[in-house]
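Please read the structure below before turning to the comments.
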Amino acid sequence: MPLYNCEGTLQQTLDSINCQAFKNYELVLVDGGSNDDTQYIISNFKKTGKVSIQFISEPDKGIYDAMNKGIDMASGQWLYFMGGDDTFNSSAVLDQVYQAIQNEPADLIYGNVTGATSKTKYADDTINKVLSRGIHHQGIFYKRGIFNYTGKYNIKFKVAADYHLTLKAFCNPVFKTRYINLDIARFGEAGLSSSSYDYRFFSYHYKFLSTHKALGNINDTATCLQQSIYCCLWLVKEKQSITFAWLNILYYITGLNGLSIPFRFKTFLRMMYWSLKK
């Protein structure tokens, strides 16, 4: 669990973990140096002595840096990431996931999540949904060996590094991924990923799917391409990750992807304009 100033929601999250019927787990808490009562809540929780807990509190470079630290600290064979404002859907979730893993082994197993405030349910039950729109990490359980292939979270992607890592697992034929129709968690909607958009990652989204030969698994490649091009233009306009945006846009305007010659030329000029504009 990556944490930072979570005093308002953390106790509820910890209670949802503590009440799980399945008990063979450890809890790894990585705090970014909270200045509220987060550490006090954790200290009291540790006194219960009901679960194995690892805890550190130190400055970090954001949520994915904290999650990477957690990967290094964890000793279990399966990893699951939840925030300080997320809760399990019921006390039976971990037991049900464990049974699913025993019945049909997989490297990545995932189910449904629901927004805690909006009540919107996300069931990414097709490969098209997973590759096209993203998938919430609160619904995913990763076998540790996945990280030996994919590496850890790319902290250059400030909001969508979890989606990036998940895509690497889904697009690698060496891994077996499996969907189960189980409501895993309710996720807090006040966090960074709910209020921000990762233009850097999504400028690269189409290129990633293309280079991993996964475009054939999504229904609307044209929209994916247009979104990636828009994100490239946004990045140069905002003077963010300009080199990265250019590498992506050059891939799009020179590739075999159905873009017309006038559109390619116009896009190149727009990139030049926003790159040079002060």
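The values are calculated or read from the model by the stated rules, or taken from the named source; none is laboratory data. This structure is a prediction, so every number in the text was calculated from the model and none was measured. Neighbour counts run over all protein chains shown; Cβ positions are idealised from the backbone, glycine included. Accessible surface is based on the protein model in full, side chains and every heavy atom, while ligands, DNA and RNA are left aside. Shrake-Rupley method; radii C 1.70, N 1.55, O 1.52, S 1.80 Å.
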With respect to the numbered conditions (1) out of contact with any Gly (no Cβ under 7 Å at 6 or more places or on another chain); (2) surrounded by fewer than 18 Cβ atoms within 10 Å (Cβ to Cβ), which one is the sole condition not fulfilled by E26?
-> (1)
Selection over the range 18-37 where residues are among the β-branched types (V, I, T) and touching a Leu at 6+ places or on another chain (Cβ under 6 Å) yields a count of 0
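Yes/no matrix, rows are residues, columns are (1) modelled with pLDDT of 95 or more; (2) out of contact with any strand residue (DSSP E or B) (no Cβ under 6 Å at 6 or more places or on another chain); (3) of a type in the set (D, E):
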| site | (1), (2), (3) |
| --- | --- |
| E189 | no, no, yes |
| H205 | yes, yes, no |
| T211 | yes, yes, no |
| D220 | yes, yes, yes |
| N248 | yes, yes, no |
| L259 | yes, yes, no |
Residues being assigned to a loop (DSSP other than H, G, I, E, B), in contact with a helix residue (DSSP H, G or I) (Cβ under 7 Å, 6 or more places away or on another chain) and open to solvent by less than 40 Å² (accessible area, probe 1.4 Å): count how many of those fall in the range 82-106.
-> 3
Pick from the range 107-120, criterion of a type outside the set (G, A, S) and in a loop (DSSP other than H, G, I, E, B), ranking: most open to solvent (accessible area, probe 1.4 Å) | K119
Condition check for S228: of a type in the set (G, A, S), at pLDDT below 95 and within 20 Å of V159 (Cα to Cα) = no
Tell me which residues, restricted to the range 221-256, are within 10 Å of Y199 (Cβ to Cβ) and in a loop (DSSP other than H, G, I, E, B).
-> E238, Q240, S241
Exactly one of K61, K129 is part of a helix (DSSP H, G or I) and farther than 26 Å from Q12 by Cβ, and that one is K129
Quickly run through the range 59-81 and pick out the residues that are open to solvent by 60 Å² or more (accessible area, probe 1.4 Å) and either within 19 Å of G139 (Cα to Cα) or in contact with a strand residue (DSSP E or B) (Cβ under 8 Å, 6 or more places away or on another chain) (or both).
-> I63, S75, Q77, W78
Is it the case that some residue within the range 29-45 is farther than 30 Å from F201 by Cβ, in the same structural domain as G139 (by the TED database), in contact (Cβ under 8 Å) with a residue 24 or more places away in the chain and in a loop (DSSP other than H, G, I, E, B)?
-> yes
For G49, are the conditions met, namely being buried (at least 16 other Cβ atoms within 10 Å of the Cβ), on the phi > 0 side of the Ramachandran plot, at pLDDT below 95 and out of contact with any Cys (no Cβ under 8 Å at 6 or more places or on another chain)?
-> no
Taking the range 121-139 as the search range and keeping residues that are among the aliphatic types (A, V, I, L, M) and open to solvent by less than 30 Å² (accessible area, probe 1.4 Å), which one is nearest to D65 (Cα to Cα)?
-> I135
When K176 is evaluated against the numbered criteria (1) more than 19 Å from I71 (Cβ to Cβ); (2) without any contact (Cβ under 8 Å) to a residue 24 or more places away in the chain; (3) more than 13 Å from the chain's Cα centre (by Cα), which criterion, by number, is the only one it fails?
-> (2)
The range 140-208: helices (runs of 4 or more DSSP H) wholly inside it with 1 or more residues that are open to solvent by 30 Å² or more (accessible area, probe 1.4 Å) and within 14 Å of F81 (Cβ to Cβ) are 192-195
